[in-house]
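Laboratory data are not the source of any read-out in this text; all were calculated from the coordinates shown. In this text the structure is predicted, and so the values were computed from the model without any measurement. Methodologically, a virtual Cβ is constructed for each residue, glycine included, from the backbone with ideal geometry; neighbour enumeration extends over all protein chains shown.
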Amino acid sequence: MPATLPPGLSAAAFSQALAGFRQAVGKTYVYADETALSSYLDPYSTTEDAAHTPAAAVAPHSVEEIQAVLKVAREYGIPLWPVSTGKNYAYGGPAPRKSGYVVLDLARMNRIIEVNARDGYAVVEPGVSYFDLYRYLKEHDIPLWIDCAAPGWGSVLGNLLDHGAGYTPYGEHLTMQCGMQVVLADGTVVDTATGALPGARASQLYKWGAGPWIDGLFTQSGLGIVTRLGVWLMPEPPGYRPFMVTFPDEDALHDLTEAIRPLKLNMVIPNGATSVELLWEAATRVTKAQYYGGKGPLPPSVRRKLMADLDIGAWNFYAALYGPPPMIERSWSVVRDALGKVKGARFYTDRPGDTAWEYRAKLMRGIPNMTEYSLMNWIGSGAHIDFSPMSAPTGDDAVRLYHLIKDKVEARGFDYIGEFLIGWRDQHHIFMLIFDRTDPQERERAHQVFGEIVADAAAQGFGEYRTHLDFMDQIAATYDWNDHALRRLNERVRDALDPGGIMAPGKMGVWPRRMRA
Ligand code: ADP
């Protein structure tokens, strides 16, 4: 019997529920002992594991098995926490919002249901990783590219549902979603949008169907269990030119961002345009200890040495051009003109032997890899949680956010490791708060400073797009216009669709009635 029980359930009742789960999915696929459950903890938690320890994990293999699991969960009032591959590290990994939930592990549902080479899309189940889909396309010689998150082991479907982003022109994953199948709390299976028409010929081509578009309701919510997803794939272009531009001055961030905006809005640069700060760039190649024996952030002299040794800038801009070679040449001259006006710009279209360049050049053409994980080696036993506020793609916003975060975290002894990514209109800022996961005091300090920058950013109009389990309530509370009208609407929808309150309670700060304070 597991040490952790679902909220309000006796050991005897949970034992009956486990028997029900075993009947639903087979006893091999119900995990309730401590060793098996340890793989469902958050490896990068800033709090004690006890805050997010599942009571069990259940791994169904089909929609019918999910329906049977739901029946048991409804009967006993057990909260479920669906994960696809559970690689959502920095935001909680596979761990549930609260202890005592049962993780619904969908990794065994890993079929690639369809790839349409002519129309450029795939239909996948939750357990299909970026590596899986990439290999499938290669093996079948299909000239389509995927768009992957930086670590390629995650789920195509799971990352998209959590509003993840990548680095090709198809980098905003939810924008490229078309059609989904979802199982509701009561077991009803729904094909959304165009797919609701029997025999529909455009299920994966026309996103909106007829009537209200409800697909968004099942993203960042756990309000339904998504079992299939259509996702557009980019036809392999006839030409590809990745490039990098380095800028030696910290202050270049302002002018660089101003120069990128028109290139993005006019689609001269079609992909996720990324300005990477010095340490993010350096940390995939060297460790902090190689350069600095002291505590706290690096002094300016060490930063200058890093730049010289690695031939990188204080800011390092990555983007790529795609298409027929003559079009690439034209765009390239526009890009060179625009970015060349920013002080100190140095252009590269290849950097042999530079691991950071190599993985970025892969990401911008959708080749999954795991290089970014080596960032955790920057400090020994490194872990991270990510702070991800959204802003306008302006120099002023970039500089404000940069200082808001950097000045505070450096004062608390952490390094600023960040990047800015301009999509269609918005600017994502990703600040990776790296801490030593074996040092309880450092973890606690990381937790505290994270909460503070959430509040500071919200006070200046910067809201997060996604967050770690521990900060979901705090961040939901910052979206509070008109006396939390949005949260109250979300609660009404949740109560209607999931009256028993079993579907990922508390995901992104939305709680079912029975668990609201
Ligand atoms: P990845 O492994 O790609 O990072 P995860 O499997 O960790 O993605 O999923 C990210 C988040 O998305 C989960 O924490 C969960 O809240 C939600 N999620 C994942 N899969 C599903 C699903 N099939 N149905 C509903 N929500 C899901």
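At a glance:
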{"read-out": "Paramagnetic reach from TRP424 in the range 107-141 [backbone N under 20 Å; point 7 Å along Cα→Cβ]", "value": "120-122"}
{"read-out": "Stretch gain in nm, segment GLU114-TYR348, where the contour uses 0.36 nm per residue and the Cα spacing is subtracted", "value": "80.4 nm"}
{"read-out": "As computed over the range 16-72, the Cα convex hull volume per residue (Å³)", "value": "95"}
{"read-out": "The chain, relative contact order in percent, only Cα pairs under 8 angstrom and at least six apart counted", "value": "16"}
{"read-out": "Sequence of ARG228, ARG445 once ranked by neighbouring C-beta atoms within 10 Å, starting from the fewest", "value": "ARG445, ARG228"}
{"read-out": "Whole-number percent relative contact order across the range 240-469, with pairs defined as alpha carbons under 8 Å at least 6 apart", "value": "29"}
{"read-out": "Over the range 11-105, equivalent-ellipsoid semi-axes from the Cα gyration tensor in Å", "value": "22, 14, 11"}
{"read-out": "Two-site FRET efficiency, THR478 against ASP396, from Cβ-Cβ distance with R₀ of 25 Å, rounded to 0.05", "value": "0.75"}
{"read-out": "Cα convex hull volume per residue for the chain (Å³)", "value": "151"}
{"read-out": "Exposure proxy order (Cβ contacts within 10 Å, fewest to most) of PHE420, PHE471", "value": "PHE471, PHE420"}
{"read-out": "Pairwise FRET efficiency - SER39 versus GLN441, Cβ, R0 = 30 Å, nearest 0.05", "value": "0.65"}
{"read-out": "Antiparallel bridge percentage (DSSP; both residues within the chain; nearest 5)", "value": "85"}
{"read-out": "Distance between modelled label sites at LYS27 and MET370, nm, 7 Å Cα→Cβ extension", "value": "3.3"}
{"read-out": "Efficiency of FRET from Cβ geometry, LEU489 and ARG514, R₀ 22 Å, rounded to 0.05", "value": "0.75"}
{"read-out": "Neighbour-count ranking [beta-carbon atoms within 10 angstrom, fewest first] of MET234, MET515", "value": "MET515, MET234"}
{"read-out": "Greater than 19 Å apart at Cα, pairs in LYS138/LYS207; LYS87/LYS507; LYS264/LYS341; LYS98/LYS406", "value": "LYS138/LYS207; LYS98/LYS406"}
{"read-out": "Nitroxide proxy distance, nm - points 7 Å out along Cα→Cβ at ALA496 and VAL286", "value": "5.8"}
{"read-out": "Estimated 222 nm signal from helices in the chain, with DSSP H stretches of n ≥ 4 weighted -39500 (n - 2.57), rounded to 500", "value": "-10000 deg cm²/dmol"}
